[in-house]
Amino acid sequence: MKKDIKLRNVIFPIWMLWMLPPVWLVVIPANIIIDYLVLNGTLEYLKVENKKQVLYGVLAKTVIIGFLADIIASIPPILLNIVFSPEYDTDLGKWWQKNIDPMNYMPYKSIIAVIILLICVILGGFLIYYFNKKFIYKDMDLTECEKYILARNMALITAPYLFLVPTAWFVK
């Protein structure tokens, strides 16, 4: 007997990590590789002399901070679904189903859903920048300009763009 499972009111990639633990086997190494490439490329661009020492001193912390920023940025849409989810047989519920619910599975069906998720991506990028600049890179042997460039590049390149990937592609 096959059960049809529908995942509602959850956001990618957080729900995949909770619901499908093997996804961690891909997500963690992918994040380490991407963060390594961004850090290494930026340090190379900045012509930092002790690049390897700096890189290996902050890589693990940068990856952890990135996950933390992504989790915080996923909270608003999750709260929208948990705290405020009207009954579908009301006018508000019908509007909600048409404009807000698509962010859970196919955000491009609603401009409002896309805007909400874009705000969350921007929030995630900002948090990546802020946490790295304020906590991770603060004691590094780099100039303030170099720290800014490093934090900026991490934020712009590693923001949680996957929030915009329709989960309908993964769940049938």
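The values are calculated or read from the model by the stated rules, or taken from the named source; none is laboratory data. Fair warning: this is a prediction, and the values are worked out from it, not measured in the lab. Backbone-built Cβ (ideal geometry, glycine too); neighbour counts: all protein chains shown. For the accessible areas, the whole protein counts, side chains as well, though only heavy atoms, and no ligand, DNA or RNA atoms are used. Shrake-Rupley method; radii C 1.70, N 1.55, O 1.52, S 1.80 Å.
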- What spacing in nm lies between the two simple spin-label points modelled at Glu44 and Ala168, each 7 Å away from Cα in the Cβ direction? 4.0 nm
- Have a look at Val26, Val58, Val114 and tell me which one the Gaussian network model of the chain (Cα, springs below 10 Å) gives the largest fluctuation. Val26
- Identify all aspartates and glutamates with a Cα-Cα distance to Lys134 below 14 Å; exclude those on the same chain that are fewer than 8 residues away in sequence. Glu144, Glu146
- What net charge is computed for the residues neighbouring Ile136, neighbours being all others with C-beta under 12 Å from the C-beta of Ile136, Lys and Arg scored +1, Asp and Glu -1? +3
- With springs only between Cα atoms under 10 Å, which of Phe131, Phe84, Phe67 fluctuates most in a Gaussian network model of the chain? Phe84
- Which value in Å is the Kirkwood Rh of the chain over different Cα pairs? 17.5 Å
- At 7 Å along the Cα-to-beta-carbon direction for both Tyr36 and Leu79, put a label point, then send me their distance in nm to one decimal. 3.6 nm
- In degrees, nearest 10, the alpha-carbon axis of helix 111-131 is tilted away from the dominant principal axis of the alpha carbons of the chain by 30 degrees
- Item | Most mobile listed residue (Gly125, Gly93, Gly66) in the chain, GNM with C-alpha springs under 10 Å | Gly93
- Query: Quick one: helix 24-45 against the long Cα principal axis of the chain, what's the angle to the nearest 10°, folded into 0 to 90?
  - Reply: 40 degrees
- Grab the DSSP H runs of the chain that are 4 residues or longer, score each as -39,500 (n - 2.57), total them, divide by all residues and round the 222 nm result to the nearest 500 deg cm²/dmol. -20000 deg cm²/dmol
- Could you give the accessible area per residue of region 25-172, probe 1.4 Å, as a whole number in Å²? 58 Å²
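Quantify, in whole percent, the carbon and sulfur part of the accessible surface of the chain (1.4 Å probe; protein heavy atoms only).
C and S atoms contribute 68 percent here.
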- By how many nm would the segment from Lys138 to Leu118 lengthen if fully extended, with 0.36 nm per residue of separation less the alpha-carbon distance? 4.4 nm
- Task: For region 92-140, report the translational diffusion coefficient in µm²/s to the nearest whole number, using Stokes-Einstein at 25 °C, 0.890 mPa s, and a Kirkwood Rh over Cα pairs.
- Result: 198 µm²/s
